[in-house]
Amino acid sequence: MAQGKWSLSSPTAISRRRAVQGLALAGAGAIAAPALIGRALAASRTIKLGFVSPESGPIASFGSADEFILAGVRKAIGDGIIVGGVKYPVEILVRDSQSNPSRAAEVAAELITKEKIDLMLASSTADTVNPVADQCEVNGVPCITTDTPWDAFFFGRGGDPAKGFDWTYHFFWGVGQIVETFTGLWNAIETNKTVGALWSNDSDGVAVSNPVHGLPPGFIKAGFKLIDAGLFTPLSNDFTAQITKLKAEKCDIVTGVFLPPDFATFWAQCAQQGFKPKAVTVAKALLFPASVEALGDRGVGLSSEEWWSPDHPFKSGLTGQSAAELCADFTKATGKQWVQPIGFKHALLEVALDVLKRTKNVDDPGSIMESIAATDYQSIVGPVSWKKGPVKNCTTTPLVGGQWVKGKTSKYDIQIVNNAAYPGIATVGKFQPIAYGS
C-alpha cells in the first residue's frame, strides 16, 4: 500500500476527527433552539453515502452494472428520504477502487476524512470490501458491504467470533453454502469424486482455500477426495504444472477461485493438454456472460455459484421491482445481458436507505449503527437481518448452483440446476456433465 495513506486512520487522527465533530454539534446546539434545528437540517443538511466499487481493472465486471443501478436508485430517492419526520437530500459519492486493495483503502479514507460521509457502502470481492471496511472500523464510520463470501470478509480481516467488529456489517453467502451447492452439483452426475482445486493468490482465494475456515475441509467432509494444486499468482500465463498434477490424479472435477482472464488461460491450456474433467465448477471467474463468451465454444457445461438471477423470487423493498423486472430493465437500458451483481448492488443501496430511514439521529454514527444491527429487511436478493448471522456483523443470503448452456437470445445463459442450499428458489434445469466436442 502507498506510504502515508494509513496515517489518516491513526488514533490521533480519529480523536481529532471526533473532537471536531463534537464541537460542531455543540456549536449547532448553542446557536439554534431545538425547535429550529429540524428546519435548518431540512434546508441544508445532505446525507452522504460513500460507494466504493471496482469500475476498472481485472474485476471491473463486478462494477459493470453500477451506472444503471445508481441511476435507478437516485430516481427512486428523488429529492430525499424522510428520517425522523424530516426530509433529507441524499448524495451518493461513487469511487472506483480500480480493482486494487490499496486504492480501495485510499478512496475510502478520502470519503471519510474529506467528504465526511455518513455511511460507507462497498462491494465486489474482498480486494475492495476488506480494505474499505478496515478504514471504516478504525475511523468509527458505519459501513455496510456485500458481494464477497462472509468468511473472507470476517476471517480475512482477523475477525474474532467472540468479539466481532464495531462499525462494519456484511451480507452475502458463505463457504458452507458453497460446499453444499457445489457438492450438490457433483453428486448429480457419476464421477470418481476426486476434486482438483486451484486458488488465486488474492484476498478471496486465500480466504476460501483456508484449511480451517475454507472450502477444503467442507469438500472432504462431504466425501470427496481433494487434490490441492495450491495458490497461483493472479494473471498467470502458464498452468502446465497444475494441469499435469490434476491429470495424474485423474480428477473428474475441477474447482477453485479464478479471475476471469486466469480461467480463460487455464481452460485453453486444459484443451491443449487433453485434460477433460466431467465437471468444472469455479467461483468468481464464471459469473459473467462476457467471461464465458470469451471461452469461445468451450463454455457449455461449465458451472458456478449463482447468487441471483431473473428466476429468483424476490422483490425490491425500494422500487417494488421483481428480480425478473430489474434484469429486463437492465437489458432494455444497456442492450446487454443481465449480470449477477445487479441484484446485490441494488440490495446494498436499498438496505442502506432502509437503515437511514429508521435511524433516530442521523447525525450520530452510533445511532446509525443501532439501526444497522436492528435490520430485518426484504430485499431483491432475499431477506437481510443481522439478528440472524453465522457470526456477529455477518448475515447470509440465498445461494444456488448454476450451469452455462447455449442461450436462446444470447450465446450463453446460466440456468439454476441445484438448490440444495436454498430450496425456496426453484431449479430450471438439470445438471449435466461437460460434453466435449458437442
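The values are calculated or read from the model by the stated rules, or taken from the named source; none is laboratory data. As the structure is a computational prediction, the values presented were derived from the model and not from experiment. In this analysis, Cβ positions are derived from the backbone assuming ideal geometry, glycine residues included, and neighbour counts consider all displayed protein chains.
Of the numbered criteria (1) at pLDDT below 95; (2) in contact with an Asp or Glu (Cβ under 8 Å, 6 or more places away or on another chain); (3) not assigned by TED's automatic domain parsing to the domain that holds Ile47, the one Lys387 fails is (3).
Checking each residue in segment 186-222 for being in contact with a Phe, Trp or Tyr (Cβ under 6 Å, 6 or more places away or on another chain), at pLDDT 95 or above and over 24 Å from Thr244 (Cα atoms) picks out only Ala188. Residues considered: Ile220, Ile227, Ile253. Of these, the only one that is touching a Gly at 6+ places or on another chain (Cβ under 9 Å), of a type in the set (A, V, I, L, M, F, W, C), surrounded by fewer than 21 Cβ atoms within 10 Å (Cβ to Cβ) and within 27 Å of Gln177 (Cα to Cα) is Ile227. Hey, any hits in segment 406-414 for a residue that's β-branched (Val, Ile, Thr), out of contact with any strand residue (DSSP E or B) (no Cβ under 9 Å at 6 or more places or on another chain) and assigned by TED's automatic domain parsing to the domain that holds Asn187? Checked segment 406-414: at least one residue is β-branched (Val, Ile, Thr), out of contact with any strand residue (DSSP E or B) (no Cβ under 9 Å at 6 or more places or on another chain) and assigned by TED's automatic domain parsing to the domain that holds Asn187.
Of the residues making up segment 97-140, those that are free of Cβ contacts under 8 Å to residues at least 60 places away in the same chain and either touching a strand residue (DSSP E or B) at 6+ places or on another chain (Cβ under 7 Å) or under 19 Å from Lys357 (Cβ atoms) (or both) number 8.
Would you check which residues across segment 291-335 are of a type in the set (D, E, K, R), in contact with a helix residue (DSSP H, G or I) (Cβ under 7 Å, 6 or more places away or on another chain) and surrounded by fewer than 19 Cβ atoms within 10 Å (Cβ to Cβ) and list them? Across segment 291-335, the qualifying residue is only Arg298. Out of Ile227, Ile220, report the one residue that is touching a Leu at 6+ places or on another chain (Cβ under 7 Å) and part of a helix (DSSP H, G or I). Exactly one of Ile227, Ile220 is touching a Leu at 6+ places or on another chain (Cβ under 7 Å) and part of a helix (DSSP H, G or I), namely Ile220. Tell me, please, whether a residue that is in a loop (DSSP other than H, G, I, E, B), within 20 Å of the chain's Cα centre (by Cα) and buried (at least 17 other Cβ atoms within 10 Å of the Cβ) can be found in segment 109-131. Yes; the residues of segment 109-131 include at least one that is in a loop (DSSP other than H, G, I, E, B), within 20 Å of the chain's Cα centre (by Cα) and buried (at least 17 other Cβ atoms within 10 Å of the Cβ).
When the helices (runs of 4 or more DSSP H) confined to segment 270-373 are screened for residues that are under 27 Å from Val129 (Cα atoms) and hydroxyl-bearing (Ser, Thr, Tyr), those reaching at least 1 such residues are found at 289-293, 323-334, 365-373.
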